[in-house]
Amino acid sequence: IEPQDTVVVWISFTLIGIHVLIAGYLAYKRPRRETLLKEDIRALISPDAQTLEEIAQSRAAGTAPTDVPVLGAKSLNVDLGSVRVLFDVDLHVMPGEIVALMGNNGAGKTTTLRTLAGLTPATGGSVLLDGFGVTNLTPAGRAELGLSLIIGGRAVFGPLSVRENLEMFAYRLGLSSTELESRIETAKEIFPWIADRSAQNAATLSGGEQQMLAIGRALMSRPRLML
């Protein structure tokens, strides 16, 4: 074997040895990494599961608090990038109460509603439903508890008909055909024009009609609170 070949052989063995050591170290650390990963997953999931179960049990047992807000926010802060857009927002909505959130363009009204619904994460503070902290609850979890958000800006499926918009929103609820028709009738009672224009494409409605349809669509889930 030539000297240069010997060098190549030793380099090859050295590289193989390094790879073996790295593989052994990673294999040794794997259980710990898996444990940390499971802990992270539990941290993400448990707030949803625990809060949903607690609220459901309190409602079923008739022990849900009646003297606390249906919806509350305490010292709510929100940062969008490096800019703080909400500063220590406090609000509460009591059962049966209607609350108007007013302000100039850019004041943070939409961001406040999105944060209450869970679509925008809060930087600080807390959100409560029926007195339970739901700051870490997903938007789906909050919707399951009866919170419904109607976004601005023609919040409908334009290519679908008026009726199909109502059906699409109710699809996730797994309703029977009888219950589905009952809820569509409720939407028609609130907005009678829906009955005559069920087959019309939502995109051809006026802006106000599209927002009325968005409200009717949100009512399909019979929310306890509508934003």
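The values are calculated or read from the model by the stated rules, or taken from the named source; none is laboratory data. Just so we're clear, the structure is a prediction, and the values are computed from it rather than from any experiment. No Cβ is skipped: glycine too gets one built from the backbone with ideal geometry, and neighbour counts run over all protein chains shown. Accessible surface areas use protein heavy atoms only, side chains included; no ligands, DNA or RNA. Shrake-Rupley method; radii C 1.70, N 1.55, O 1.52, S 1.80 Å.
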Across segment 116-142, what is the total count of residues that are part of a helix (DSSP H, G or I) and either in contact (Cβ under 8 Å) with a residue 40 or more places away in the chain or open to solvent by 20 Å² or more (accessible area, probe 1.4 Å) (or both)? 5
What number of residues in segment 170-196 are open to solvent by 70 Å² or more (accessible area, probe 1.4 Å), farther than 12 Å from MET220 by Cα and hydroxyl-bearing (Ser, Thr, Tyr)? 2
Could you say whether any residue in segment 177-187 is modelled with pLDDT of 90 or more, touching a strand residue (DSSP E or B) at 6+ places or on another chain (Cβ under 6 Å) and not aliphatic (A, V, I, L, M)? no
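So which residues in segment 59-93 are more than 22 Å from the chain's Cα centre (by Cα) and either at pLDDT below 85 or assigned to a loop (DSSP other than H, G, I, E, B) (or both)?
Once the filter is applied, which keeps residues that are more than 22 Å from the chain's Cα centre (by Cα) and either at pLDDT below 85 or assigned to a loop (DSSP other than H, G, I, E, B) (or both), segment 59-93 yields ALA60, ALA61, GLY62, THR63, ALA64, PRO65, THR66, ASP67, VAL68, SER82.
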Single condition ARG114 does not satisfy, out of (1) in contact with a helix residue (DSSP H, G or I) (Cβ under 7 Å, 6 or more places away or on another chain); (2) within 14 Å of LEU227 (Cα to Cα): (1)
Of MET168, MET226, the only residue that is farther than 28 Å from GLY96 by Cβ and either at pLDDT below 90 or touching a strand residue (DSSP E or B) at 6+ places or on another chain (Cβ under 6 Å) (or both) is MET168
Hey, THR111 part of a helix (DSSP H, G or I), touching a Ser or Thr at 6+ places or on another chain (Cβ under 7 Å) and at pLDDT 75 or above or not: yes
Filter result (assigned to a helix (DSSP H, G or I) and surrounded by fewer than 20 Cβ atoms within 10 Å (Cβ to Cβ)) within segment 152-169: ARG163, GLU164, GLU167, MET168
Name the single residue that is farthest from ASP130 (Cα to Cα) among those in segment 72-96 being open to solvent by 80 Å² or more (accessible area, probe 1.4 Å) and among the acidic types (Asp, Glu). ASP88
Reported set for segment 197-226 where residues are closer than 26 Å to GLU144 by Cα, in a loop (DSSP other than H, G, I, E, B) and open to solvent by 40 Å² or more (accessible area, probe 1.4 Å) is ARG222, ARG224
Has segment 184-191 got any residue that is touching a Phe, Trp or Tyr at 6+ places or on another chain (Cβ under 8 Å), assigned to a helix (DSSP H, G or I) and under 16 Å from ILE150 (Cβ atoms)? no
Checking the conditions here, which among LEU145, LEU149 is open to solvent by less than 40 Å² (accessible area, probe 1.4 Å), under 15 Å from PRO223 (Cβ atoms), touching a strand residue (DSSP E or B) at 6+ places or on another chain (Cβ under 9 Å) and not acidic (Asp, Glu)? LEU145
